[in-house]
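Contents: one structure, followed by commentary.
The values are calculated or read from the model by the stated rules, or taken from the named source; none is laboratory data. Source: prediction; values computed, not measured. Cβ: placed from backbone, ideal geometry, glycine included. Neighbour counts: every protein chain shown. Heads up: the accessible areas ignore ligands, DNA and RNA and are worked out on the full protein's heavy atoms, side chains in. Shrake-Rupley method; radii C 1.70, N 1.55, O 1.52, S 1.80 Å.
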Amino acid sequence: MKKVVLCITVCTCFIISACSNHQSSEETMKEKENTAMQPNVEVKPYKEPLSQVGQTASHPLGVFMLNQINEPKVDIQAGPLHIDVQKIKVVQSKEVSEVGKYNLKQRSLPTNEMNAIQFTTTIENMSDQPLDLGKGPIQKLLLSNGETVDVYKMNADPKNIRLQAKEKETYTLICFLSKAPNPLTYVKITTNTIQEQDTEKQVASSHTTEIKL
């Protein structure tokens, strides 16, 4: 049986290439003088795709349109784990690729279109002990349209997450939805239970936070 493996990776890459030629010492000195007189090259900042409602962008899963974007900047504290929810996006694709259709079928979702919600967050371990977050710091979503999202099942990039003591990192969660949610007015996030990695001692139980959009 042929298996399709999907890996979603968000990369920001700046590449600066330089070319040098061997020249006489006199020409080399002139080049150094000219270079010193030139202004510094400005590196353009990374521009995130789909930053405005109505924009479209191609992706291995299909061609997506941004239907909603919010920047709630909400802090969630789950024991020693700090979650900073910076941005929430809702996207839709009516041109789903074969890879996209495979992912939808695996989750028993219709394949004629793909709907998804994305959370851009930072997560930080405030304690002196490594933390085991299981399959991620969020286990369930409840949308204002009534849809309940099992994050473990609908996560587009499922993986186990651990944080070392005092470690902070960017965490992006993308979940498939069963239908277009229309404009969301709130999202309720239920966190995962959290335990210390070494002792397996539970240091935070799951709880729910409502985020107004």
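Quick one: check the C-alpha center-to-center distance for the stretch 66-93 versus the stretch 105-157, whole angstrom.
11 Å
Report ASP84's accessible area, 1.4 Å probe, all protein chains in place, as a number in Å² to the nearest 10.
For ASP84, solvent-accessible area is about 40 Å².
Which distance in nm do the two modelled labels at GLN86 and THR170 give, with both placed 7 Å along the Cα-to-Cβ direction?
With each label placed 7 Å out from Cα toward Cβ, I get 0.6 nm.
Output the relative contact order of the stretch 131-182, whole-number percent, from Cα pairs under 8 angstrom with separation of 6+ residues.
That works out to 40 percent.
Which length gain, in nm to one decimal place, applies between TYR102 and THR185 when the Cα-Cα distance is subtracted from 0.36 nm times their residue separation?
Contour length minus the Cα-Cα distance gives 26.8 nm.
How high is the FRET efficiency between LYS153 and GLU113 when r is their beta carbon distance and R₀ equals 22 Å, given to the nearest 0.05?
0.70
Can you give the extra length, in nm with one decimal, that the chain gains between MET126 and ARG162 once fully stretched, where that is 0.36 nm per residue apart less the Cα-Cα distance?
So the chain would gain 11.7 nm between MET126 and ARG162.
When the chain is fully extended, how far beyond the present Cα-Cα distance does GLU71 get from THR193, taking 0.36 nm per residue of separation?
Stretched fully, the GLU71-THR193 segment lengthens by 41.4 nm.
Using a 1.4 Å probe on the protein heavy atoms only, what accessible surface does LEU213 show? Give it in Å² to the nearest 10.
Taking all protein chains as shown, LEU213 has close to 60 Å².
Assign one of three labels to the stretch 59-145, namely rounded, prolate or oblate, based on the Cα gyration tensor with a ≥ b ≥ c the square roots of its eigenvalues; rounded applies when a/c is under 1.5, prolate when it is not and a/b is larger than b/c, and oblate otherwise.
Prolate, because a/c is 1.5 or more and a/b exceeds b/c.
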